[in-house]
Amino acid sequence: MSPRADKPASSRDLSRRYDRNFRADDAYRATLPDMQNKDASQIQGANVPIQHVGISGFRLPMLVAARDGKPLPLECTITGSVSLAADRKGINMSRIMRTFYEFKDRVLSHELLEEILLRYKKDLECSRARIMVEFRYPIMQKSLRSGLEGWQYYRAILEGTIDDLDRVRRYVHFDFVYSSACPCSAELTEHAREEREVYGIPHSQRSKARVVAEISPSKHLYIEDMQELCLGALHTETQVMVKREDEQAFAELNGAYSKFVEDAARLVYEQFDHDARVRDFVIACSHLESLHSHDAVSVINKGMPSGLSADFSQFRDLIC
């Protein structure tokens, strides 16, 4: 006879021990309460649909697709969410992770995310789903003049979404760190040298461009491609390994490609707007000013109808 039938709950002597030998069989699992699947009368608050519900920040080592066809083993941080209809109290949160784990030995790509999104819709009985996988992607960088090499790491996110009609959209988020030499400061320094024979140093600062690019259907856009597009626009990427000749070269490079934050946004825009692999994009640039106690920022988008929005709020960790 079970403890429930033996005596009422109020009079039971509950055990304060962990039974390592206990195993839950199907019959026992059938008795466990299921709080997520209670009926609508148990919903707290407004009985309305929720756009995104899921889990954020679970980590997993994965092989990430590379342009040369040799996947890289990287630590990934994953956010998975699904829609929740009205009249449903909640979802099985662990199913978000368990479903993703079924694909953990596959190579991470947008094609894989599409498979997982379709499984989310089936396993969690939802109409929409979204996955974001973040990692730090290494690319070998050669020094400017000395011949040294070092690994540059790039924050990147692969994102996939699926809607009610199983339409999938694919995005790449990418951070590019560069130096921005101020054109105004450069001209004023030269003025002091020419007019008053006064030595001065123009100011520059470490800066960051963040690009969110939606990939065109049937196209591929790798992290290496994102890096090359940003480098082709801005030129003055921060360096990993340097000798004196590299530091001198970097000063010359900044002199050749000085830019305001407005210039930076437009230069990156130009590169991505001309690339047929990119359907839509939004770009945020932040210059961490060495002259001011505040930063200079700009946000620009492609401007497609109902496309990605040039909204400062979505880049608060970058621009604040």
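Taking the Cβ of Gly54 as the centre, find all other residues whose Cβ is under 10 Å away and add up their charges (Lys, Arg: +1; Asp, Glu: -1). Working shown, then result.
On the way: positive: Arg95, Arg130; negative: none.
Once all neighbours under 10 Å are counted, the net charge is +2.
Could you work out how much longer the chain between His294 and Lys243 gets when fully extended? Use 0.36 nm per residue separation minus the Cα distance between them, nm to one decimal. Write down the numbers at each step before the final one.
Numbers: separation 51, 0.36 × 51 = 18.36 nm, distance 3.14 nm.
Gain on stretching His294 to Lys243: 15.2 nm.
Greater than 26 Å separation of Cα atoms is the criterion. Which listed pairs, Lys70/Lys259; Lys142/Lys302; Lys142/Lys208, meet it?
Working: Lys70/Lys259 36 Å; Lys142/Lys302 32 Å; Lys142/Lys208 20 Å.
Exceeds cut-off: Lys70/Lys259; Lys142/Lys302.
Using a Förster distance of 41 angstrom, determine the FRET efficiency expected from the C-beta separation of Gln314 and Asp13, and round it to 0.05.
Details: r = 56 Å, r/R0 = 1.36.
FRET efficiency, Gln314 to Asp13: 0.15.
Return Arg266, Arg193 ranked ascending by Cβ neighbour count within 10 Å, so the fewest neighbours appear first. Could the numbers behind the result be given before it?
Details: Arg266 17, Arg193 12.
Least to most surrounded, the residues fall as Arg193, Arg266.
Using only Cα atoms, what is the ratio of the radius of gyration of the chain to 2.2 N^0.38 Å?
1.35
Relative contact order for the chain: what percent, with Cα pairs under 8 Å and sequence separation of 6 or more?
On the way: 590 pairs, mean separation 39.6, N = 320.
The normalised contact order for the chain reaches 12 percent.
For the chain, what are the DSSP H helices with axial Cα length of 15 Å or more and mean Kyte-Doolittle hydropathy of at least -0.5? It would help to have the intermediate numbers written out before the result.
On the way: long enough: 110-123 (19 Å, -0.79); 183-196 (19 Å, -1.39); 223-234 (17 Å, 0.64); 244-256 (18 Å, -1.07); 261-273 (18 Å, -0.36).
Result, helices passing both filters: 223-234, 261-273.
Please list, ordered by chain and number, the residues whose modelled amide H lies under 5 Å from the amide H of Cys76; skip anything fewer than 5 residues away on the same chain.
Leu60, Met62
Working from the alpha-carbon coordinates of region 173-294, get Rg over Rh, Rh being the Kirkwood radius. All intermediate terms of the calculation are to be shown ahead of the outcome.
Working: Rg = 16.5 Å, Rh = 15.7 Å.
Using only Cα positions, Rg/Rh for region 173-294 is 1.05.
Give me the number: length gained by fully extending Phe260 to Ala85, i.e. 0.36 nm times residue separation minus the C-alpha to C-alpha distance, one decimal in nm.
On the way: separation 175, 0.36 × 175 = 63.00 nm, distance 4.69 nm.
Extending this stretch completely gives an extra 58.3 nm.
Under 10 Å, Cα contacts only: if you run a Gaussian network model on the chain, which one of Asn47, Asn301, Asn254 comes out with the highest mean-square fluctuation?
Asn47
Taking the C-alpha atoms of region 36-132, how large are the radius of gyration and the largest Cα-Cα span, Dmax, in Å?
For region 36-132, the Cα-based Rg and Dmax read 15.4, 55 Å.
If each residue of separation counts as 0.36 nm, what is the full-extension length gain between Asp273 and Lys70 once their alpha-carbon separation is subtracted?
Numbers: separation 203, 0.36 × 203 = 73.08 nm, distance 2.86 nm.
Difference between extended and current length: 70.2 nm.
Each reported figure results from applying straightforward, stated rules to the coordinates on display, with no laboratory input. Just so it is clear, the model here is predicted, and its values are computed rather than measured. Note: ideal-geometry Cβ built from the backbone for every residue, glycine included; neighbour counts use all protein chains shown.
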